[in-house]
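Before any comments, here is the structure.
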Ligand SMILES: [Fe+2]
């Protein structure tokens, strides 16, 4: 039997979450409802979630920095951190998915038609499962910045997309991780869509001192907190 | 990151999946809730159905490359999760979770079973499937729920459907849509943004 699973889910604090629409991002105007969401009782369907997803979503893609033994272009980085719940408890066994652009700021996805080079040795998506301490880790390359089409020169800062599943439907999280010290962070419209400045800053990773990393990887540390508490707090 | 007891950490801010959620994340069978793994045999419990529809945006155009995640009880209304008091009785051959994405027309499709009803502390839950919708420009998951028209009495008593004004409840009923390969087909259209009488009702995540 694992640690007691989270069973207390309060609504998000709106100031810590993005608000829509977002200028120059057409989808935020056409794909978000006009009607405010209805508050529903939290029933068993919402409290539960799949605990055996790894049978379907296979973990194990943690090295994105090479394909078929050939190295990807770019600065080698190691991104690691812990998935925690609101009670600071590690979320063990969570599935962590990530995807990102290549060093030139282009996605492998055929929907990305920008005129920047593709890297045949970089696909740019990974999936792993957190260990008993809630830790995940990916070896990859630093993504490039890229301009948003028809946006009056809005460039997305280098970022990594994250998707976290488990252990409840209500602890689902999709977010993005940014890199410390990038001047584009302060003017990124997606980061700025979150009103609370501390909440913005929590999406920015931190450097790991180089002495602490084996091999020739630059390290970045990034913890992510998913929603959920336990009704009986730990002593 | 240290926190005093009773001083909870704040959940991370959501961000959109953007336009480039990897197609390579999808494996054969991800949208098939009846199997616990792609090569596993389908569950023998419950009526297998096809649930499909289109995700449309304001103006009626397709929402391309949206991701839909489904979660539901098994045929007898159990979840394989410790917070279900009946979890030991849950169908071991049923996953209950699936993921689909929308094509260029905004079309998605799941294969699943009609879920069972169950008694919840909030009231009697009618057969239902929770859907979470992600997409480019959707900054936070949109949560909605599929109900079935053949369970009219159970729907009337459902505590979640009850939070909607009566005139909006039909928007959450899947529509019978014929048969395919001997399976009943249900259609669940999703309109992300539109006029009040047609926009899909969503629940606070
Ligand atoms: Fe991106």
| query | Relative contact order for the stretch B:23-191 using alpha-carbon pairs under 8 Å, separation at least 6, rounded to a whole percent? | reply | 26
| task | Report the label-to-label distance for residue A:13 and residue B:87 in nanometres (one decimal), using points 7 Å from each Cα along the Cα→Cβ vector. | result | 3.0
| query | Which of A:77, A:62, A:213 moves most in a GNM of chain A, Cα contacts under 10 Å? | reply | A:213
| request: Please report, in Å, the Rg and the Dmax of chain A, where both are computed over Cα atoms only. | output: 18.5, 56
| Rounded if a/c is under 1.5, else prolate if a/b is larger than b/c, else oblate: which is chain B, with a ≥ b ≥ c the root eigenvalues of its Cα gyration tensor? | rounded
| remark: Sorted on mean Cβ neighbours within 10 Å (highest first), peptides B:102-111, B:140-149 come out as B:140-149, B:102-111
| query | Taking each residue of B:129-139 in turn, how many C-beta atoms of other protein chains fall within 10 Å of its C-beta, and what is the average? | reply | 5
| request: Please average, across the residues of B:118-127, the number of beta carbons from any other chain that are within 10 Å of each residue's own beta carbon, and give a whole number. | output: 3
| query | Over all residues in A:116-129, what is the mean tally of Cβ atoms on other chains that come within 10 Å of each residue's Cβ? | reply | 1
| said: For the pair residue A:4/residue A:152, report the inter-label distance in nm, with labels modelled 7 Å from Cα in the Cβ direction. | reply: 5.2
| field | By average C-beta atoms within 10 angstrom, highest first, the peptides A:80-91, B:150-161 | value | A:80-91, B:150-161
| remark: Per its Cα gyration tensor (rounded if a/c is under 1.5, else prolate when a/b beats b/c, else oblate), the stretch B:12-108 is best filed as prolate
| remark: Burial-style ranking of A:163-174, B:72-83, average other-beta-carbon count within 10 Å with highest first, yields A:163-174, B:72-83
| note | So, with points 7 Å from each Cα along the Cβ direction, the residue A:210-residue B:24 label distance in nm works out to 3.0
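No lab work stands behind these numbers, since they all come straight from the coordinates. As the structure is a computational prediction, the values presented were derived from the model and not from experiment. Here Cβ is always computed from backbone atoms with ideal geometry, including for glycine, and neighbour counts include all displayed protein chains.
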